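Shown next, in structure tokens, is the structure this report addresses.
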Amino acid sequence: MPVGSKKTMKQIQIVNPILPKWKELENDFKEIVESKQLTTNKWTERCEKKIAKIHRCKYVLLTSSATQAFMLLCMAADSLYEIKKVKMQDFTWKSVKDIAQMLFKERLELKDLPTATVWSSIFPVTNDNTLIIPTMSFGKLHVYEDYSMYKFKPLVIYDSTHCFGNPKCNGRGLGEIISFSPSKIIIACEGGAVLTNNKEIYNFCKENRRYHGRIPELCANLLYHNINSYKNRRKLILNNLKWYKKYLPMQIKEKILWYFYGSRNSIPDNNTLSFMNRKLTKSIIRKIEKFMQIRQRYEPADINNKNCDFVYKHSLEFPVMETEQEVRKLCNKINRCLK
């Protein structure tokens with residue numbers, strides 16, 4: 001070993017996306033390349049129809065990313081409605097906050113979580129041209145599922161990026177976004193979608209997608225084939241939750257809040273498993289990151305949002321493994337490094 005070099009252990013990758021076999025893609029990819037129709041063509045349309053059927057909504061628009069889908073929805077809402085205020089939870093993905101801050105500027109208020117164990121802020125419903133943007137964190141559906149109690153329809157854009165496959169995400173409110181990034185169960189390399197039942201919103205988003213968010217046909221084709229593996233992938237993730245619960249050392253799981261447990265409306269759609277441990281310390285993180293990538297989510301933009309900050313600093317993600325033996329092996333490593 002050269003002088004001054006330091007041998008490091010290869011870290012376990014947190015994100016391990018599942019891809020279709022090359023044989024499934026080969027002929028379609030060849031056809032796409034030879035056609036030279038590389039964006040928003042027939043595979044984009046086929047995916048949109050397939051997703052609309054799964055989610056039982058009128059309109060689906062496939063985009064290059066969920067961030068682009070969110071931007072299109074916000075632009076549509078701001079163009080078609082007289083929005084005076086925007087309330088959005090701070091516990092969400094950074095690019096989404098960046099878009100909201102760029103478009104709404106001084107109208108935007110980033111809200112804290114009500115507590116460190118509630119994953120979607122409960123915003124008061126008002127009829128004063130306030131746009132509300134709740135996040136369905138880790139697939140949990142908490143807010144505004146029932147509009148029948150209101151005489152008016154609140155202006156709501158749902159960040160449902162984790163909710164692919166949940167029929168309750170049926171284009172509610174002004175619309176919803178879903179993600180197909182590498183960290184999700186179903187991926188398109190990168191990709192996202194707008195779901196809506198509002199024809200004006202859909203037309204606006206479709207018109208502007210050609211400037212802001214066309215998706216490559218190769219990505220759309222990969223997504224189309226990947227959707228077929230959704231049920232098997234979800235079953236594997238639920239098994240992983242069970243295995244981690246069984247094998248994680250007490251020091252980690254003693255004070256864990258399991259995001260997916262205890263919620264009948266939760267459908268896990270992440271290719272990683274997120275847990276919060278109220279006693280998580282920097283020392284524990286340093287020990288674990290010697291052999292496993294550490295990824296913490298949703299750093300708050302506003303330092304006054306203490307509950308968001310607490311969750312950010314006390315959460316860990318674990319990889320989805322193919323077998324129970326792999327999960328047990330990883331948990332044993334964690335147990336040894338914490339002793």
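The values are calculated or read from the model by the stated rules, or taken from the named source; none is laboratory data. Because the structure is a prediction, the values reported are computed rather than measured. Here the Cβ is made from the backbone with ideal geometry for all residues, glycine too, and neighbour counts use every protein chain on show. Surface accessibility is based on the protein's heavy atoms, side chains included, excluding ligands, DNA and RNA. Shrake-Rupley method; radii C 1.70, N 1.55, O 1.52, S 1.80 Å.
Any idea what the relative contact order of the chain is, in percent, if you count C-alpha pairs under 8 Å spaced at least 6 apart?
25 percent
Using 0.36 nm per residue, how much length does the chain from residue 246 to residue 117 gain when fully extended, once their Cα-Cα distance is taken away? Working shown, then result.
Working: separation 129, 0.36 × 129 = 46.44 nm, distance 2.20 nm.
Gain in length upon complete extension: 44.2 nm.
Which value in deg cm²/dmol, rounded to the nearest 500, describes the helix-derived mean residue ellipticity at 222 nm for the chain, given -39,500 (n - 2.57) per DSSP H run of n ≥ 4 and division by the residue count?
-11500 deg cm²/dmol
Just subtract the alpha-carbon distance of residue 299 and residue 31 from 0.36 nm times their residue separation and send over the number in nm, one decimal. Kindly include the intermediate steps, with their values, before the conclusion.
On the way: separation 268, 0.36 × 268 = 96.48 nm, distance 4.27 nm.
Going from the current span to full extension adds 92.2 nm.
Leaving out ligands, DNA and RNA but keeping every protein chain, what accessible area does residue 222 have, in Å² rounded to the nearest 10, with a 1.4 Å probe?
Looks like 10 Å² after rounding.
Take every Cα-Cα distance within the range 290-339, group them into 10 Å bins from 0 onward, and report for each bin the whole-number percent of pairs it holds.
Pairs per bin, as whole percents: 22, 37, 27, 14, 1.
Give the Rg/Rh ratio for the chain, taking Rg as the radius of gyration of the Cα atoms and Rh as the Kirkwood radius, to two decimals.
0.99
Using just the C-alpha positions of the range 184-234 as equal point scatterers, what log10 of I(q)/I(0) does the Debye formula give at each q in 0.17, 0.21, 0.26 1/Å?
Each listed q maps to, in turn, -0.64, -0.84, -0.98.
Please work out the average accessible area per residue across the chain, using the 1.4 Å probe convention, and give it in Å².
Value for the chain: 49 Å² per residue.
Hey, got a sec? Which trypsin sites (Lys or Arg not before Pro) in the range 163-241 land in a DSSP loop and have at most 13 other Cβ atoms within 10 Å?
210
With a 1.4 Å probe and every protein chain kept in, tell me what percent of the accessible surface of the chain is carbon plus sulfur.
51 percent
Taking 0.36 nm per residue of separation and subtracting the Cα-Cα distance, what length does fully extending residue 39 through residue 238 add?
On the way: separation 199, 0.36 × 199 = 71.64 nm, distance 3.47 nm.
Gain on extension, residue 39 to residue 238, equals 68.2 nm.
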